[in-house]
Amino acid sequence: MSFLLTHLVIGVVAGVAVCLGLLALDVASLRTLLLGSEYRLVGFILLFGSVCGTFGGVAMAVAVMNLGDWSDHPDRDY
């Protein structure tokens, strides 16, 4: 369980970094739109939640896919 949790945290931290970068650079006027909206909290929650959830899930999936060893195909050159 700690294996998946570790990779989830790594993915979420990467997602937070990407979101902060998008907001800092005001890509596609995202920061301007969010700060100008009356529902800015909902917008920030949706932005951070979706990006962090995606990055966390991808980080866990990549970690699990890299668990395999090469003993199942000993005749291949890797």
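What to note about this one:
- Working note: Karplus 6.51/-1.76/1.60 with θ = phi - 60° gives the stretch 6-20 the couplings 4, 6, 4, 4, 4, x, 5, 4, 5, x, 4, 4, 5, 4, 5 Hz, where Gly and Pro are set to x.
- Semi-axis lengths (Å, descending) of the ellipsoid that matches the C-alpha gyration tensor of the chain: 37, 13, 8
- Projecting the Cα positions of Cys52, Phe3, Leu30 onto the charge dipole of the chain (unit charges on Cβ atoms of Lys, Arg, Asp and Glu, taken about the Cα centre) puts Leu30 furthest along the positive direction.
- The helix-only estimate of mean residue ellipticity at 222 nm for the chain, built from DSSP H runs of length n ≥ 4 each weighted as -39500 (n - 2.57), is -25000 deg cm²/dmol after division by the residue total.
- For the chain: relative contact order, % (alpha-carbon pairs under 8 angstrom, 6 or more apart): 47
Since every read-out is calculated from the coordinates, none of them should be taken as a lab result. Predicted, not measured: the structure shown is a model, and the values here were computed from it. FYI the Cβ positions are ideal-geometry reconstructions off the backbone, even for glycines, and counts take in every protein chain you see.
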